[in-house]
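The values are calculated or read from the model by the stated rules, or taken from the named source; none is laboratory data. Treat the numbers as computed from the prediction; the structure is a model and nothing was measured. Here Cβ is always computed from backbone atoms with ideal geometry, including for glycine, and neighbour counts include all displayed protein chains.
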Amino acid sequence: MPALERLPYWKMYLKTPKYMSSIFPFSLALFLFIAMTFSTPNQAQTTSLSYLALGDSYTIGEGVGLEDRYPMQLVREWNKTAKIPFTAPLIIAKTGWTVDELEAGIQTSTTAAEGYDLVTLLIGVNNQYRGRSVESFAVDFEKMLQRAIAFAKGDKSRVIVLSIPDWGVTPFAAQKGIDPDQVAKAINAYNITKKEICEKQGIQFIDITDDYRMEGGLPEGVVEDQLHPSKLIYGQWTGKLLAALKKINF
């Protein structure tokens, strides 16, 4: 038998059937498409962050300017150095609101269907001020906390609860003849309940009460009504929130 001719590899390639040579460019194009699809970041998630602040007079900033409210200060400070900035926060809060009134306020507000990247909750002082029981507050607060979690797209790491400031240290309380010890006792009971519920749900709880008891009654710590915090106090709260935000993986 005659010896078989051994062709060089480059000649073998030239003899490759036409259908094989047409598959190679198609496969290369498909590979590049898949690689680009999975390596391209989701711009909708990384362009900006959204923030919902829920609460009462302490959140709406009774007596201070719009830009001095703690949610506004928080966004401003975060955006100075953050790679992903926050847009302007949505604040659902009103002076005098109890937890159930906050719920009613949420129901009449327009909120984003897709939820929020951050939700803060500071509520309860008016429940205490009106003499409502800690037990009834616990029921209402737990429901509101579930609301906050839902607004945060179910991500509990994106929800932050702040403790209730002790208004008994303010000049307003002194002028009204309020017993600061009684107020402190009631506020403590409320905050213990809030903290226990947060721990049970795995929600971060920030204490602002201890510092407020030292500075909330000072002339520079209150606004004109001698009851509500000044922008300096809100700045302190902002600092604590900012430290917490830096630990969140946005």
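Tabulated values for the structure
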read-out	value
Breaking point among (1) touching a strand residue (DSSP E or B) at 6+ places or on another chain (Cβ under 9 Å); (2) within 23 Å of ALA186 (Cα to Cα); (3) surrounded by 16 or more Cβ atoms within 10 Å (Cβ to Cβ), for LEU245	(2)
ALA104 being in the same structural domain as LEU52 (by TED's automatic domain parsing), surrounded by fewer than 16 Cβ atoms within 10 Å (Cβ to Cβ), of a type in the set (A, V, I, L, M, F, W, C) and not in a helix (DSSP H, G or I)	no
Extreme residue, surrounded by the most Cβ atoms within 10 Å (Cβ to Cβ), among residues of region 54-101 that are among the small types (Gly, Ala, Ser) and under 23 Å from VAL134 (Cα atoms)	GLY55
Those residues of region 53-91 which are closer than 17 Å to LYS246 by Cα and part of a strand (DSSP E or B), in sequence order	PHE86
Among (1) at positive phi; (2) without any contact (Cβ under 8 Å) to a residue 24 or more places away in the chain - the single one GLY124 does not satisfy	(2)
Search result, residues across region 87-107 that are closer than 25 Å to ALA138 by Cβ and of a type in the set (S, T, N, Q)	THR95, THR98, GLN107
Index of the failed condition, ARG158 passing every other in (1) surrounded by 21 or more Cβ atoms within 10 Å (Cβ to Cβ); (2) closer than 27 Å to VAL222 by Cα	(2)
Some residue of region 91-99 being over 21 Å from ILE208 (Cα atoms), among the hydroxyl-bearing types (Ser, Thr, Tyr) and modelled with pLDDT of 95 or more	no
Helices (runs of 4 or more DSSP H) (entirely within region 147-250) containing at least 2 residues that are out of contact with any Lys or Arg (no Cβ under 7 Å at 6 or more places or on another chain), over 19 Å from ILE123 (Cα atoms) and in contact (Cβ under 8 Å) with a residue 60 or more places away in the chain	231-245
Neighbours by Cβ (under 9 Å, 6+ apart or cross-chain): first from region 63-79, at positive phi; second buried (at least 22 other Cβ atoms within 10 Å of the Cβ) and not basic (Lys, Arg)	GLY63/VAL222; GLY63/HIS228; GLY63/PRO229
